[in-house]
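Participant: My structure is below; once you've seen it, I'll send some questions.
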Amino acid sequence: MDERKVLRATIWYTISNFILKGIGLITTPIFTRVLTAAEYGTYTNFVTWYSIISIIATLSLVSSLVRARFDFKEKMNAFIKSNLFLGSASALLISLIIWFNKGFFCDIFVLDEKNLLIMCICIIVSPAYDIFLCIQRFRYQYKLVVVLSVLTSVSNILFSLFFIYIMEDNLFARVLGTYMPTFVISLVLYIYFMLKPGVMQWQYCSYSLAIAIPYIFHLLSGTILNSCDKAVITKMAGPVDNALYSLAYSAGLMVNVVWSAMNSAFNPWLGEQLNKKNYEAIRRRSYGYVFIFTAGVIGMMLLAPEVLMILGGVPYYGARYCVPPIMAGYYFLFIYSMYVNVEQYEKRTVPMAIATCVVAIVNIVSNVIFVNLYGYIAAAYTTMGCYAILFFFHYLLVRRMKLHNVYDTKYLLVLSGLICIFVVGSLYLYNYNILRYVASAIYIITIGVVTWKNRSIVLTIVGRKTVEEDMDYKHR
């Protein structure tokens, strides 16, 4: 693998993700002001249910591409067409079931019929968009990914603002503006894939189903872990509290940006190294990979109050106490995903799904109990705890596969403890801004010094050095 290609991909994925999330952050203050808190909370509730239903309806066949790109290297066109057709057919069936029972589902989802219809229509062609981005990332064709992602994001924002301006129903305008451009792009990509050479065959579908069906439960449970807190808050505390909680999650977008960008380049590289059984290379690169993300999470905790003031203003400022546990949850999500990537490559999706399902159930029950007792802030802590449990479970699963040594578990545990310390410390510092600003300055200087002293490891993660060069440097 050309290290420079990995470097370029990492840089461009990072740039594009910062652009995308930057657009989201810049426009969030606009939407929190043109929408009422109830409308903003209902919109995030729609996004939550869309994420859940799309996983079930499309069968998440895109997950099989992680391994299929090696097993069907010369037949990928036929493989993609077969799975695209099956995913869309399944989505159409589920959408019809939902629509013909719309009264029941509107009540369950806390949505009206117009928004439910948007959900049903968009899900049908959504597999094309996901498959296209996945294929381009595996091939390190970052330019297409960047252009398409930015085009989609900008279109979503512009159409949302336009529809809000011309429509009376601001909530429906936001939903329509967000999902209509994505639907059009997905439809074009669907036609593009179907026009490519290759004959659809059931053997490709059966291959994907064997991997994807268990993985559906993992993805679904992961989405529930990430989103059920919002649905529970909407149902039990109302859309206004959900708006506060959701904006606290939005404050963590920049951390999510770093993770998405790094994982977009790291995961394809990880699959190649696992295929070569080059475990030492993975272990070496993971040091800087985890360090960079951990540094970003802690920095986000320290700056959360300012970010919330920019995003939502004074009405949302009380949500700052949600941010530290939410950020810690992002950290545990990040490190358990490292183990999930290994399990997915090895096609061990059944135990993966069982572990995630069990924790998702725990999360739902704990959210119902503690949100009722302590309000929406409790959901941040229950979710953080569940992500920490998932880290432990997935570590055990990879250990059973005798692949746990691809990462340094002690290193991950030390950083996990540091994250937990900063959760408590950040909450204390929020009451003393001068002290927090001093602590932030000290933190930035410390990170700079540590990064410089360990620059060989950091250069390894971004691809400026190969693992072998880094080891030679250490010996010298």
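Participant: Could you give the radius of gyration (one decimal) and Dmax (whole number) of the Cα atoms in segment 191-329, in Å?
Facilitator: 20.3, 58
Participant: Can you work out the PRE-style zone for Leu117? Point 7 Å along Cα to Cβ, and I want the residues of segment 152-185 with backbone N under 19 Å.
Facilitator: Flagged as within label range: 160, 163-164, 166-184.
Participant: Follow-up. Take the Cα coordinates of segment 254-380, assign each an equal point scatterer, and use the Debye formula without solvent to give log10 I(q)/I(0) at q = 0.21 Å⁻¹.
Facilitator: Relative scattering, expressed as log10 I(q)/I(0), comes to -1.22.
Participant: On the accessible surface of segment 322-396, probed at 1.4 Å, how many percent belong to carbon and sulfur atoms?
Facilitator: 76
Participant: If you don't mind, there's one more thing I want to ask. Any idea of Lys143's accessible area? Nearest 10 Å², probe 1.4 Å.
Facilitator: 140
Participant: Please compute the per residue accessible area over segment 52-186 with all protein chains in place, 1.4 Å probe, rounded to a whole number of Å².
Facilitator: 43
Participant: Put +1 on the Cβ of every Lys and Arg and -1 on every Asp and Glu Cβ in the chain; which of Gly103, Ile166, Ala353 then has its Cα farthest towards the positive end of the dipole?
Facilitator: The listed residue farthest towards the positive side: Ala353.
Participant: What shape does segment 173-253 take by its C-alpha gyration tensor, where a ≥ b ≥ c are the square roots of the eigenvalues and a/c under 1.5 counts as rounded, a/b above b/c as prolate, and the rest as oblate?
Facilitator: oblate
Participant: Continuing with the same structure: For the ranges 111-117, 410-416, 317-323, 440-446, what's the packing order if you count other beta-carbon atoms within 10 Å of each residue, average per peptide, and put the highest first?
Facilitator: 317-323, 111-117, 410-416, 440-446
Participant: Something else: Hey, rough spin-label estimate for Cys106 and Val350, points 7 angstrom out along Cα→Cβ, what's it come to in nanometres?
Facilitator: Going by the 7 Å Cα→Cβ label model, 4.3 nm.
Participant: Scale the Cα Rg of segment 151-202 by the rule-of-thumb value 2.2 N^0.38 Å and send over the ratio, two decimals.
Facilitator: That works out to 1.56 for segment 151-202.
Participant: Filter the cross-link list Lys81/Lys114; Lys196/Lys276; Lys277/Lys453; Lys75/Lys276; Lys73/Lys402 down to pairs whose alpha-carbon distance in this structure exceeds 24 Å.
Facilitator: Result: Lys81/Lys114; Lys196/Lys276; Lys277/Lys453; Lys73/Lys402 exceed 24 Å.
Participant: Additional query: Dividing the alpha-carbon radius of gyration of the chain by 2.2 N^0.38 Å (N being the number of residues), what value is obtained?
Facilitator: 0.96
Participant: While we're looking at this one, here's another question. Just how far, in whole angstrom, is segment 156-202 from segment 348-370 if you go by their alpha carbon centroids?
Facilitator: Value for the Cα centre distance between the two parts: 32 Å.
Participant: Same structure, new question: Sum up the charges of everything whose Cβ sits under 15 Å from the Cβ of Val340, counting Lys and Arg as +1 and Asp and Glu as -1, but leave Val340 out.
Facilitator: +3
Participant: In what sequence, largest accessible area first, do Leu219, Leu195 appear using a 1.4 Å probe?
Facilitator: Correct descending sequence by accessible area is Leu195, Leu219.
Participant: Calculate the FRET efficiency for Thr409 and Ile361 from the Cβ-Cβ distance with a Förster distance of 30 Å, rounded to the nearest 0.05.
Facilitator: That pair, Thr409 with Ile361, gives E of 0.70.
The values are calculated or read from the model by the stated rules, or taken from the named source; none is laboratory data. This one's a predicted model, so the numbers in the text were calculated from it and none came from an experiment. Don't worry about glycine lacking a Cβ; one is built from the backbone with ideal geometry, like all the others, and counts go over all protein chains shown. Accessible surface areas use protein heavy atoms only, side chains included; no ligands, DNA or RNA. Shrake-Rupley method; radii C 1.70, N 1.55, O 1.52, S 1.80 Å.
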